[in-house]
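Novice: Next up is a structure, given as structure tokens.
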Amino acid sequence: MKYNTNLRKIKKIVNLINDKKGENTIILDLKNLTWITDYFIITSGESLIQTKAIAENIISNIKEVPVSIEGIEDGRWILIDYGEIIIHIFLNETREYYKLEKLWADAKIIEI
């Protein structure tokens, strides 16, 4: 049941990202790799305005209040923590620099 609830929330978040033209969105299943969270959603945008718009669209349309929001003022790397799902919204060049996907290369990629 919890798995299906998370997948429904992930699908909604991905749709909200797509509404604001987020790029190269991937979902990583981290359940067997870390205790921090179950899923990472990673996406990016071409401008600070776009990354902030993606974040604001998610925050205003997901009923649950995030555990934490970091980086929204700067916009280069915005993290929205919903506990079991953590969303990373990067400016394209910041995403390329940190290569978060490579750090979690052992994670299974979920196709939505």
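Novice: For residues in the range 27-45 being in contact with a Ser or Thr (Cβ under 8 Å, 6 or more places away or on another chain) and among the β-branched types (Val, Ile, Thr), which is nearest to Glu93 (Cα to Cα)?
Specialist: The residue in question is Thr43.
Novice: Can I ask one more? Which members of the range 28-72 meet the condition of being surrounded by 14 or more Cβ atoms within 10 Å (Cβ to Cβ), farther than 16 Å from Tyr98 by Cβ and in contact with a helix residue (DSSP H, G or I) (Cβ under 6 Å, 6 or more places away or on another chain)?
Specialist: Residues satisfying the conditions are Ile54, Asn57, Ile58, Ile72.
Novice: Listed residues Ile112, Ile78; which is among the hydrophobic types (A, V, I, L, M, F, W, C) and either farther than 18 Å from Lys20 by Cβ or at pLDDT 95 or above (or both)?
Specialist: Step by step, each of Ile112, Ile78 is checked, and only Ile78 is among the hydrophobic types (A, V, I, L, M, F, W, C) and either farther than 18 Å from Lys20 by Cβ or at pLDDT 95 or above (or both).
Novice: Here's something else I'd like to know. Run Asn24 past the list (1) in contact with a helix residue (DSSP H, G or I) (Cβ under 6 Å, 6 or more places away or on another chain); (2) at positive phi and report the number of the one that doesn't hold.
Specialist: All conditions are met except number (1).
Novice: Continuing with this model, one more query. Take Thr51 and tell me if it is part of a helix (DSSP H, G or I), farther than 18 Å from Val14 by Cβ and among the polar types (S, T, N, Q).
Specialist: no
Novice: Of all residues in the range 97-112, which are among the small types (Gly, Ala, Ser) and surrounded by 12 or more Cβ atoms within 10 Å (Cβ to Cβ)?
Specialist: Answer for the range 97-112, where residues must be among the small types (Gly, Ala, Ser) and surrounded by 12 or more Cβ atoms within 10 Å (Cβ to Cβ): just Ala107.
Novice: Working only within the range 72-112, note down all residues that are small (Gly, Ala, Ser) and touching a residue at least 12 places away in the same chain (Cβ under 8 Å).
Specialist: Gly75, Gly83, Ala107
Novice: Follow-up. Could you list, in sequence order, all residues of the range 85-96 that are crowded, with 18+ Cβ neighbours inside 10 Å and charged (D, E, K, R)?
Specialist: Result: Arg95, single match.
Novice: Which residue pairs have Cβ atoms under 7 Å apart, sit 6 or more places apart or on different chains, and have a first residue in the range 3-28 that is within 11 Å of Tyr39 (Cβ to Cβ) and a second that is surrounded by fewer than 19 Cβ atoms within 10 Å (Cβ to Cβ) and of a type in the set (Phe, Trp, Tyr)?
Specialist: Cβ pairs passing all conditions: Leu28/Trp104.
The values are calculated or read from the model by the stated rules, or taken from the named source; none is laboratory data. This one's a predicted model, so the numbers in the text were calculated from it and none came from an experiment. Reconstructed Cβ throughout: ideal geometry from the backbone, glycine too, with neighbour counts over all protein chains shown.
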